[in-house]
Each structure stands twice: as structure tokens, then as C-alpha cells.
Amino acid sequence: MPTDLPIVIDGSEGEGGGQMLRTALSLSAITRKPFSIVNVRAKRLKPGLRPQHREAARAAARLVDAALVGDEVGSDRLDFRPRRSARAGEWALDIGTAGSTPLLLQTLCWPLALTGAPSTVTLRGGTHQDHAPSFHYLALVWAPAVARLGFRVELALQAAGFYPEGGGEMTARIAPAHSMPPLDLVHRGTVQEVEVVSMVAGLGYDVAERQAQRAIRSLREAGISAEAERVPVPARGSRGGHVLVVASFERTRAGFGAVGGPDRAPEETADVAVNAFRAYLAGGAAVDPHLGDQLLLPASLLAAGMVAPAPGVVPATRYTVGRVTKHLTTTAAVIRRFLDVDISIEGREDAEGEVRVQPGTAGAVVAG
């Protein structure tokens, strides 16, 4: 039930970035618990709300008719008070900059998936950028992973958007969440296939070819057989390249990407993606470091009973992660403020670890 007492989150704790705000927006929209976040993005070079964070707050507010205070660029405090539950439907949202549409989707998809009806969301802004999942990562790695938790999202790319021009557009069709068997991903199994996606927009096909050739050569030098797909995609005044290494194992899939730019040669873009994959492959974890924190919220929704489990099934999730990051531990701390779940993260920061999410037993937990 909603409460009049807001949850107060200190945005300077943990990773101190926008992920705290996005996680809180999703959970507030789901639980109808109001929250205030202070010291917004205090650890970033430009603290406070940036345009993409403001638009995420405004988009979430539209879903639940929330009262919103402090939604100005540069604001170091935001107050969010939902007035109703989220409603399914067709939504069109424009960030207005090259801000990340994948991150905006990951804010909105959870409350929409829990409405009991399908929704379609069209998002405009950036689709491929550093420090955020790319559209291709969402489509090839994230979407199959969250489907195993009962959240099915179908994605389509109409136009790619790179920094600083933006202009990208993607569509997500979000199905109602449904129960699934518990996810237990401790072991990934042997590698079955490695594919390189070499994408360009607004650039010559030769850039895609150079990215692909470098990635394939670097992987083969490491003893890894791989195939490459060159993918030209439309753009609206935006130019850039992207390399994504997708590895399919017996029990899971992992992805490692890099975005090209004016100061990064195609070969360097390929090297960044391949080196990240090789570092992951040297360990034994089932889930790549980025997916590790992205699975935490849907797993917690299952553990909290937001999706009715099959009779006799305990909605617990367990997985090993390639690196325990501040994003992971900070997301866990925010989730505990809203949901009665037991989240345990074993392992040192920046080392491999194991994550367990299961139903809570002692009421609401306040993170320290």
C-alpha cells in the first residue's frame, strides 16, 4: 500500500550516479511508495540532474501521474509521489538529446510489465553510447536474459543515435510479466558460439569491415573462433560505429561492446570490446558484469511476489557475476529500501562474485 512518508535516498552513496535515481523511479512507480533523492549524482563530474535523468523522471511520472518536484537540469534533489498505479498503453517519449534510450527503457519496462496488459514504448534519443547498454546489447543479451525471469520485451531499431547528435529511435513491445522456474546460473557451461556484430550508421561500410576484421583477428589470436556480421543501420544526422562481441554458452549469453567516435579508430573500438570479453572468459562466472546489476531488479520483483509464482515454487534467483561492481551493490541497496527481499552479494569489489535474491522474512529492510 502507498504511504505518505517518503523514502529518502542519499544520491552521494555507493556509485553516486544516475542508476540510483532510475532504480528508485521504477520501484516507486511499482509500489506507489513516494521517495526523495538528495545529492543527486553527487559523484559525477557534472552533478545533479542532466537532461536524460530529468526526462526519465518525467516519463516515470507520466506512467503513474506522479507529483514531481525538482525536475530541472542541475537540480540536486528530486521528489516523486505516485498518485496511481501504472497503466499499460502506447507511449512515445523523446529525451531531446543523445541521452540513453536503453537506460530509459530499463526504467519504464518493469512497471509496465506488471500492469497485466501489453504496452508499446517508442523512445527517441541516443541508442549507442559509452557507459550505457547499447540497443544491440539489449536485443541480443539483456532481452533473452530477462525473458528467463518472466519479462518478455521485443525490440526494434528504427534509427541509430550517437553522441552528440542523438536522433535515434527504438521501439519496445512489453508483454505482461509471467511466472517462470527459478533462475539458477552458477555455471555458464562451455562456449557454443561467438559472434561479432560490427555496426555503422552514417559512415562507410569500410568502417564496419575494419571493425569486424580487427575483432575476428584478435579473437583468433586468442584461440577463439568467431564469425562477424556487418550491420549498416539508418541514422538521422548521427554518425558512429559499434562493436559487440556476443558469446553464447551452454546455459547463458554474455555481451561486450564499445562505441566508435571521432577520437577512436575502428580498430580501437574492436580492441576495447574484444579485451573486455577476453577478461570475462578468463574467469568462470555465468553473467557478465553489466548484466549482473541489470538482472537484480527483475529478480527482486519476483522474490517480492510482484509476479505470482507457480504453486509450490520459491521465487529465488542465483547467479555468478564476472565482477562485483558499485552499480551492483548500490542497486541492491536501493531495492532494499522499497521491497522486502533478501539480496546477498558474495565476493570482493571488482572480483567475481555470487548474487542471491530470495523472498524477505522480516518486513521492509532499510539499507545502511
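A few comments on the model shown:
- Test result for Leu328, of a type outside the set (D, E, K, R) and either in a loop (DSSP other than H, G, I, E, B) or over 29 Å from Val200 (Cα atoms) (or both): yes
- Counting the residues of region 69-83 that are closer than 20 Å to Leu27 by Cα and among the small types (Gly, Ala, Ser) gives 1.
- Ser36 part of a strand (DSSP E or B) and small (Gly, Ala, Ser): yes
- From the options Gly166, Gly204, residue that is of a type in the set (Gly, Ala, Ser), at pLDDT below 95 and either assigned by TED's automatic domain parsing to the domain that holds Leu291 or in contact with a Gly (Cβ under 8 Å, 6 or more places away or on another chain) (or both): Gly166
- Pairs where the first residue, in region 341-355, is on the phi > 0 side of the Ramachandran plot and the second is surrounded by 18 or more Cβ atoms within 10 Å (Cβ to Cβ) and of a type in the set (Gly, Ala, Ser), C-beta under 7 Å, 6+ apart: Gly347/Gly353
Here is a yes/no grid of residues against (1) under 17 Å from His242 (Cβ atoms); (2) of a type outside the set (A, V, I, L, M); (3) surrounded by fewer than 23 Cβ atoms within 10 Å (Cβ to Cβ):
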| residue | (1), (2), (3) |
| --- | --- |
| Leu93 | no, no, yes |
| Thr120 | no, yes, yes |
| Thr127 | yes, yes, no |
| Phe151 | no, yes, no |
| Leu155 | yes, no, yes |
| Phe162 | yes, yes, no |
| Gly168 | yes, yes, no |
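- Answer residue from region 237-248, given it is among the hydrophobic types (A, V, I, L, M, F, W, C) and in contact with a His (Cβ under 9 Å, 6 or more places away or on another chain) and is nearest to Tyr205 (Cα to Cα) among those: Leu244
- Only residues that are over 27 Å from Asp10 (Cα atoms) and either within 17 Å of the chain's Cα centre (by Cα) or of a type in the set (Ser, Thr, Tyr) (or both) were counted in region 301-334, giving 4.
Residue-wise test of (1) exposed (fewer than 14 other Cβ atoms within 10 Å of the Cβ); (2) out of contact with any strand residue (DSSP E or B) (no Cβ under 6 Å at 6 or more places or on another chain); (3) modelled with pLDDT of 95 or more.
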| residue | (1), (2), (3) |
| --- | --- |
| Ser218 | no, yes, yes |
| Ala228 | no, no, yes |
| Arg236 | no, no, no |
| Gly241 | no, no, yes |
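- Considering the conditions (1) in contact with a Lys or Arg (Cβ under 8 Å, 6 or more places away or on another chain); (2) at pLDDT 95 or above; (3) under 29 Å from Leu108 (Cα atoms), Leu157 is excluded by exactly one of them, (1).
- Of all residues in region 232-259, those that are in contact (Cβ under 8 Å) with a residue 60 or more places away in the chain and in contact with a helix residue (DSSP H, G or I) (Cβ under 8 Å, 6 or more places away or on another chain) total 10.
- Of all residues in region 178-199, those that are assigned to a loop (DSSP other than H, G, I, E, B) and surrounded by 17 or more Cβ atoms within 10 Å (Cβ to Cβ) total 4.
- Within region 28-39, being crowded, with 24+ Cβ neighbours inside 10 Å and either modelled with pLDDT under 95 or farther than 13 Å from Arg84 by Cα (or both) holds for one residue alone: Ile37.
- Boolean, Ala303 is surrounded by 23 or more Cβ atoms within 10 Å (Cβ to Cβ) and in contact (Cβ under 8 Å) with a residue 12 or more places away in the chain: yes
The values are calculated or read from the model by the stated rules, or taken from the named source; none is laboratory data. The model shown is predicted, which means the values in this text are computed figures rather than measured ones. Positions of Cβ are generated from backbone atoms using ideal geometry, with glycine treated the same way; all protein chains shown enter the neighbour counts.
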